[in-house]
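The values are calculated or read from the model by the stated rules, or taken from the named source; none is laboratory data. All figures in this text were calculated on a predicted structure; none of them were measured in a lab. Glycine also receives a Cβ, built like all others from the backbone with ideal geometry; neighbour counts cover every protein chain displayed. What goes into the accessible areas is simple: the full protein's heavy atoms, side chains included, and nothing from ligands, DNA or RNA. Shrake-Rupley method; radii C 1.70, N 1.55, O 1.52, S 1.80 Å.
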Amino acid sequence: MEEIRVFCPATIANISCGFDVLGVALDAVGDEMVVRKTKTPGIKITKIIGQNLPLETKKNVAGVAALALLDKSDYTGGFEIEIYKNIKPGSGIGSSAASSTGAVWAINELLGKPFSNLELVQFSMEGERLASGTAHADNVAPALYGGFTLVRSYEPLDIVKINTPKELYATVIHPQIEIKTADSRKILKTNITLQNGIKQWGNVGGLIAGLFTEDYDLIGRSLEDHIVEPIRSILIPGFNEIKTNSIEAGALGCGISGSGPSIFALSKGEATALKVAQAMKNTYQKIGIDYDVHTSKINPIGIKKI
Ligand code: ADP
């Protein structure tokens, strides 16, 4: 195979209680990339459609992740990358993760799959380091593994794939303001109280148990964040109204997607997820904020060839 076209899904990181460790892949939103082998060594980004992002290899997360892979490979040729961007950068649904994982997954396919998924996560994390200053894996892991993932440990890196309940849908609303991941990390405190820790790990355990046993009520009860949401939600206009109205419309729970400003809700069944989307839209229309809204089934397989 000389060339491949891939779908790179948007992802929701943190999922309320799992800051930096939990994430989930979406089905209905994502970028596309075309990657082809070249005789010239190295990585060249030849085209970016949809967003104004750097073509320079070392300034684009796709280039940086691809170079991290090439560094560990004995392949002597190079690759050309085209990026068709649908996920707005800085929206909080893993725009950078879609590009870095798309690049390394596609290259791995073209090379005959010499690297494991775990190694691809490590290469992609170099892209995340460029985007936000921190090599976090909570967006790149679900993009590569599909479904829900848990980063059980960063050192050594240990990723656990979690079951996806069949009727689970996500609704995501993106108010048209930009919050850079790097900025929304800066405002967080570096210490937590034991009291909040107890609540938080109770919820992480509850969410994982709920996902495996497909207990939707338990999933809903566990979508609580006592550590990050109280601080970050201040940056998101209308956050509390969106949350209250989504839950009233039937959502199991609602929180900040990644570092925001997108807000996500999980629902049982598509009909409820669409009602939640309407409630979210109504809220922003009332406040007078422009938005994009997406309703999506959970994507159980992650990145794929198209
Ligand atoms: P998100 O959470 O949506 O990924 P981030 O703020 O983490 O948003 O990342 C976006 C940052 O990464 C922006 O500064 C953007 O310029 C930079 N970036 C570099 N290459 C890419 C790319 N291929 N796709 C998206 N963002 C990129």
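Quick notes on this one:
- Cross-link reach is defined here as a Cα-Cα straight distance under 22 Å, omitting same-chain residues fewer than 8 places apart; for residue 286 the lysines meeting it are 243, 275.
- Within-11-Å neighbourhood charge of residue 14 [Cβ basis; K, R +1; D, E -1]: -3
- For region 166-175, putting each phi into the Karplus relation 6.51 cos²θ - 1.76 cosθ + 1.60 with θ = phi - 60° gives couplings of 5, 9, 7, 10, 10, 10, 10, 10, 10, x Hz, in residue order, rounded to whole numbers and with x for Gly and Pro.
- Top of 99, 132, 91 by mean-square fluctuation, Gaussian network on the chain, Cα under 10 Å: 132
- Rg then Dmax, both in Å and based on the Cα atoms of region 147-195: 16.0, 37.
- Peptides 79-87, 162-170 ranked from most to least packed, by the mean per-residue count of other Cβ atoms within 10 Å: 79-87, 162-170.
- Across region 232-242, coupling constants 3J(HN,Hα) worked out from phi with the 6.51/-1.76/1.60 Karplus curve, θ = phi - 60°, read 5, 5, 4, 7, 10, x, x, 4, 5, 5, 4 Hz, and Gly and Pro carry x.
- 15 Å beta-carbon shell around residue 143, net charge (K/R +1, D/E -1): -4
- A cut-off of 5 Å between modelled amide H atoms, ignoring neighbours fewer than 5 places along the same chain, links residue 291 with 176.
- Residue separation of residue 153 and residue 213 scaled by 0.36 nm, minus their Cα-Cα distance, works out to 19.3 nm of gained length.
- Remark: the chain carries a charge dipole of roughly 340 debye about the Cα centre, counting +1 on each Lys and Arg Cβ and -1 on each Asp and Glu Cβ.
- Within the shell defined by Cβ-Cβ distances under 15 Å, the residues around residue 241 carry a net charge of +1, with Lys and Arg each +1 and Asp and Glu each -1.
- For region 40-46, 3J(HN,Hα) per residue [Karplus equation, 6.51 cos²θ - 1.76 cosθ + 1.60, θ = phi - 60°, Hz, x = Gly/Pro]: 5, x, x, 10, 10, 8, 9
- With the charge dipole of the chain set up from +1 on Lys and Arg Cβ and -1 on Asp and Glu Cβ about the Cα centre, the Cα lying farthest toward the positive end among the listed residues 19, 284, 209 is that of 284.
- Taking all protein chains into account, the per residue accessible area for the chain stands at 42 Å² (1.4 Å probe).
- Of the residues 39, 47, 58, the one that moves most in a GNM of the chain with alpha-carbon contacts below 10 Å is 39.
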